[in-house]
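**Student:** The structure is given below, and queries will be raised subsequently.
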Number of protein chains: 2
Amino acid sequence: MEPEPKARRVGTKQLHEEIVRLLAESGLKPGDQIPTEAELKERLGGARPTIREALKLLEQDGVIRAEHGRGRFLTAAGSIRIDRPITTFESVTEMARHFGYNLVNKILSVSEERPAADIAKALNLAKGETVIRLERLRLNDREPVLYCLDHIRRDAISDRVFDVDWSGSLIETLARYGARPSMSQARVRATFLPDDVAARHDLRDFGPALVIEETAYRDSGPPVLHAIDYHRGDRYAFSFLRK
Amino acid sequence: MEPEPKARRVGTKQLHEEIVRLLAESGLKPGDQIPTEAELKERLGGARPTIREALKLLEQDGVIRAEHGRGRFLTAAGSIRIDRPITTFESVTEMARHFGYNLVNKILSVSEERPAADIAKALNLAKGETVIRLERLRLNDREPVLYCLDHIRRDAISDRVFDVDWSGSLIETLARYGARPSMSQARVRATFLPDDVAARHDLRDFGPALVIEETAYRDSGPPVLHAIDYHRGDRYAFSFLRK
DNA sequence: GATCGAGGATTTATCTGACAACAGGCTTGC
DNA sequence: GCAAGCCTGTTGTCAGATAAATCCTCGATC
């Protein structure tokens, strides 16, 4: 005899996504109660612990709030969609694309150098180790919108510096050498372009810049890249959630 | 007969914290394997599903990475501590305090007004509803470091506008009226102070400002507050994690 | 001796079923 | 009318079992 069409095995990750979709389509408003664990089990399948893990993730996201003995409820964050939060790690190239920009890349300089003390510390370099210093300007429609100063651990790139194509996304270039970073520690501040940069590259009209300075790490731990990106103030704004 | 000193009931939240502490004290480096579920159960108590829920949270935090059949491993984020990430919701007053600033509060203006269209939309106001407009300057050691423009839903405050003490943290003031916001949707950009503000309050030397513009929501859903904070560019920088 | 495969050990992933704790409404007894 | 107690629904935790992935060992085979 055929056994019941046994509830398919369902993973936490999949459930997480399905619940998000379900909530999005449900038209629930903040403060409304969401389906109970039992209902979700009915509708989506999976065992209770698995469903609970998925719900716990939503709770940590700030999308729902659990009340012991009562139920789970949608919070304000549940109805807010942040399109491309700055807290998601992605390359400036990608970021710009989603701003509707189609950047042209000008390489101002590439060289192998002895790093300054703060860079050496951020990249966890031993004495004497060098970095690749990359200075680029990104134009949108002939207008400079982004000045980037990158320092890359020399040992992340196995080729000669001048053999590498630096005109694309830096993250993807690193990925090709098996050194893709997956997260970063970042700081944001507002300032002008450094005087010497503005003078050397005719950027005196760049105006106030939104600077994102970040150290990017590989999944396995070690830092790979230190990036300073000056975003033209009147062209960029970044979104995020605080909770 | 006495039953065995039954393993105490242990909650997910508690386990989450204990594991974080355990990892912090363990001296593990990124890429190292962390104790298995079985070991954690041994050392911290709790049932396996509970432990797994706590570990799942750490995984979502980006602190650890699970590999089926191998174990769990510390990631780079596990060893990075961001002191006060901008992604944590707190009042500017608190934020400044942790910068080492002891702000003096100057109220430039308080009034009840008909909001502009964008504010009305952000605060989800019906036609005709009004807001409290609050304009403040924060000084550190006689130097202006922060210009704040707040719009508060009129129905969040049950007193007369001039009876309220606006000199403290706005979040706490709202809390006193039972309208404490708990999260916000924020945007950051770089610009100068608006011309009229700079002119009216003698702030022409403020320089480039880091602007955080946010709409803050109550736990139950509705927006309460729209805030625009101009942070003096050479005094402020905010940290966060990207992953 | 080297190589490949089977099998076992370890670890994470999921499932099943149960009990505990809390909230809220209902009944019942006074 | 009111309060204590009970019942039900919900989330929180527990215990043990099975599934799936990875890695190591050991033995057979060439």
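**Student:** Hey, does segment B:102-121 have a residue that's part of a helix (DSSP H, G or I), away from chain A (no Cβ under 13 Å), polar (S, T, N, Q) and away from DNA strand D (no atom under 16 Å from the Cβ)?
**Tutor:** The answer is no, given that none of the residues of segment B:102-121 is part of a helix (DSSP H, G or I), away from chain A (no Cβ under 13 Å), polar (S, T, N, Q) and away from DNA strand D (no atom under 16 Å from the Cβ).
Residue by residue, here is whether (1) modelled with pLDDT of 90 or more; (2) within 14 Å of DNA strand C (Cβ to nearest atom) holds:
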residue: B:7; (1), (2): no, yes
residue: B:10; (1), (2): no, yes
residue: B:14; (1), (2): yes, yes
residue: B:20; (1), (2): yes, no
residue: B:25; (1), (2): yes, no
residue: B:28; (1), (2): yes, yes
residue: B:32; (1), (2): yes, yes
residue: B:37; (1), (2): yes, yes
residue: B:40; (1), (2): yes, yes
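Okay, residues lined up against (1) within 19 Å of residue A:137 (Cβ to Cβ); (2) open to solvent by less than 50 Å² (accessible area, probe 1.4 Å); (3) in contact with a Gly (Cβ under 7 Å, 6 or more places away or on another chain):
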{"site": "A:64", "(1), (2), (3)": "no, yes, yes"}
{"site": "A:70", "(1), (2), (3)": "no, no, no"}
{"site": "A:88", "(1), (2), (3)": "no, no, no"}
{"site": "A:96", "(1), (2), (3)": "yes, yes, no"}
{"site": "A:109", "(1), (2), (3)": "yes, yes, no"}
{"site": "A:115", "(1), (2), (3)": "no, yes, no"}
{"site": "A:120", "(1), (2), (3)": "no, yes, no"}
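**Student:** Check A:230, A:236 and return the single one that is surrounded by 21 or more Cβ atoms within 10 Å (Cβ to Cβ) and either closer than 30 Å to residue A:60 by Cα or at the interface with chain B (Cβ under 9 Å from one of its Cβ atoms) (or both).
**Tutor:** Being surrounded by 21 or more Cβ atoms within 10 Å (Cβ to Cβ) and either closer than 30 Å to residue A:60 by Cα or at the interface with chain B (Cβ under 9 Å from one of its Cβ atoms) (or both) holds for just one of A:230, A:236, which is A:236.
**Student:** While we're here: In this structure, is residue B:219 within 30 Å of residue A:67 (Cα to Cα), at the interface with another protein chain (Cβ under 7 Å from one of its Cβ atoms) and open to solvent by 60 Å² or more (accessible area, probe 1.4 Å)?
**Tutor:** yes
**Student:** How many residues, within segment B:74-86, are surrounded by 19 or more Cβ atoms within 10 Å (Cβ to Cβ) and either facing another protein chain (nearest Cβ under 7 Å) or at pLDDT 95 or above (or both)?
**Tutor:** Selection size over segment B:74-86: 4.
**Student:** Failed condition for residue A:71, given (1) more than 10 Å from chain B (Cβ to nearest Cβ); (2) more than 16 Å from DNA strand C (Cβ to nearest atom), with all others met?
**Tutor:** (2)
**Student:** Let me ask something additional. If I go through segment B:29-50 residue by residue, how many of them are away from DNA strand D (no atom under 11 Å from the Cβ) and surrounded by 18 or more Cβ atoms within 10 Å (Cβ to Cβ)?
**Tutor:** 4
**Student:** Among the numbered criteria (1) within 14 Å of chain A (Cβ to nearest Cβ); (2) within 18 Å of the chain's Cα centre (by Cα); (3) open to solvent by less than 30 Å² (accessible area, probe 1.4 Å); (4) not charged (D, E, K, R), which one does residue B:241 miss?
**Tutor:** (3)
**Student:** A further question on this structure: Being of a type outside the set (Asp, Glu), under 21 Å from residue B:78 (Cα atoms) and either within 14 Å of another protein chain (Cβ to nearest Cβ) or in contact with a Ser or Thr (Cβ under 7 Å, 6 or more places away or on another chain) (or both), is that true of even one residue in segment A:159-176?
**Tutor:** no
**Student:** Could you check residue B:53 against (1) within 11 Å of chain A (Cβ to nearest Cβ); (2) open to solvent by 80 Å² or more (accessible area, probe 1.4 Å); (3) within 13 Å of DNA strand D (Cβ to nearest atom) and say which number it fails?
**Tutor:** (2)
**Student:** Would you confirm, using the coordinates I've provided, whether residue A:36 is more than 10 Å from chain B (Cβ to nearest Cβ) and among the polar types (S, T, N, Q)?
**Tutor:** When the stated conditions are applied, residue A:36 passes them.
The values are calculated or read from the model by the stated rules, or taken from the named source; none is laboratory data. Bear in mind the structure is a predicted one, so any value in this text is a computation, not a measurement. Here Cβ is always computed from backbone atoms with ideal geometry, including for glycine, and neighbour counts include all displayed protein chains. Surface accessibility is based on the protein's heavy atoms, side chains included, excluding ligands, DNA and RNA. Shrake-Rupley method; radii C 1.70, N 1.55, O 1.52, S 1.80 Å.
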